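A.B. asks: Structure below; questions to follow.
The values are calculated or read from the model by the stated rules, or taken from the named source; none is laboratory data. For clarity, every value in this text was computed on a predicted model and none was experimentally measured. Note: ideal-geometry Cβ built from the backbone for every residue, glycine included; neighbour counts use all protein chains shown.
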Amino acid sequence: MKKLLLLSFFLLFYASFKAQNNPVRNVDASTFQKLIESKKYVLIDLRTSDEIKTKGMIKGAIQLDYLAKDSEKQIGQLDHKKPYLIYCAGGGRSSECAELMQKLGFTEVVNLEKGYDDWKRKGLETVKN
């Protein structure tokens, strides 16, 4: 019984430790907006130039086309100690990018869970280039 209790405690402790040390968070659009307003983060749009041209982007975002051949290299050259907000159209590319950033040792990455399309559907601020 003591071994089972000790094992349970260890697993709970490990899961808690792992969750606290995960630099990636997935958030909804309203939380993402609040984080943008804090001006603490670098905001990155991972969509293509055509997507941005036709649909607009979140004000203040820097484009880094995740589908470009050298995107991993560009991401690797970012300051790993800065906190980042990332998004794509629907959340798929940004989730993949968040995993890459975690593997590369970034300290804080926040992913817009359902992407720009959800942001726009909710009537949040966008700009056209």
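A.B. asks: Test each condition in (1) at pLDDT 95 or above; (2) within 15 Å of the chain's Cα centre (by Cα); (3) of a type in the set (A, V, I, L, M, F, W, C) for ALA68 and report the one that comes out false.
C.D. replies: The number of the failed condition is (2).
Let's see how each residue does on (1) closer than 20 Å to ASN26 by Cα; (2) among the small types (Gly, Ala, Ser); (3) touching a helix residue (DSSP H, G or I) at 6+ places or on another chain (Cβ under 7 Å):
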site: ASP45; (1), (2), (3): yes, no, yes
site: GLU51; (1), (2), (3): no, no, no
site: GLY56; (1), (2), (3): no, yes, no
site: ILE62; (1), (2), (3): yes, no, no
site: LYS82; (1), (2), (3): yes, no, no
site: GLY90; (1), (2), (3): yes, yes, yes
site: SER94; (1), (2), (3): yes, yes, yes
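A.B. asks: Okay, next question. Test of understanding: among LYS128, LYS53, LYS40, LYS59, which residue is exposed (fewer than 14 other Cβ atoms within 10 Å of the Cβ) and without any contact (Cβ under 8 Å) to a residue 60 or more places away in the chain? Reasoning before the result, please.
C.D. replies: Numbers: LYS128 fails: without any contact (Cβ under 8 Å) to a residue 60 or more places away in the chain; LYS53 fails: without any contact (Cβ under 8 Å) to a residue 60 or more places away in the chain; LYS59 fails: without any contact (Cβ under 8 Å) to a residue 60 or more places away in the chain.
Testing whether each residue is exposed (fewer than 14 other Cβ atoms within 10 Å of the Cβ) and without any contact (Cβ under 8 Å) to a residue 60 or more places away in the chain leaves just LYS40.
A.B. asks: In this structure, is ASN111 touching a strand residue (DSSP E or B) at 6+ places or on another chain (Cβ under 9 Å), surrounded by 14 or more Cβ atoms within 10 Å (Cβ to Cβ) and not in a helix (DSSP H, G or I)? Don't jump to the end; show me each part of the working.
C.D. replies: Numbers: touching a strand residue (DSSP E or B) at 6+ places or on another chain (Cβ under 9 Å): yes; surrounded by 14 or more Cβ atoms within 10 Å (Cβ to Cβ): yes; not in a helix (DSSP H, G or I): yes.
So ASN111 fits the description; yes.
A.B. asks: Then there is this: Filter region 62-73 down to residues that are surrounded by 13 or more Cβ atoms within 10 Å (Cβ to Cβ) and not charged (D, E, K, R) and give me whichever is nearest to LEU104 (Cα to Cα).
C.D. replies: Result: SER71.
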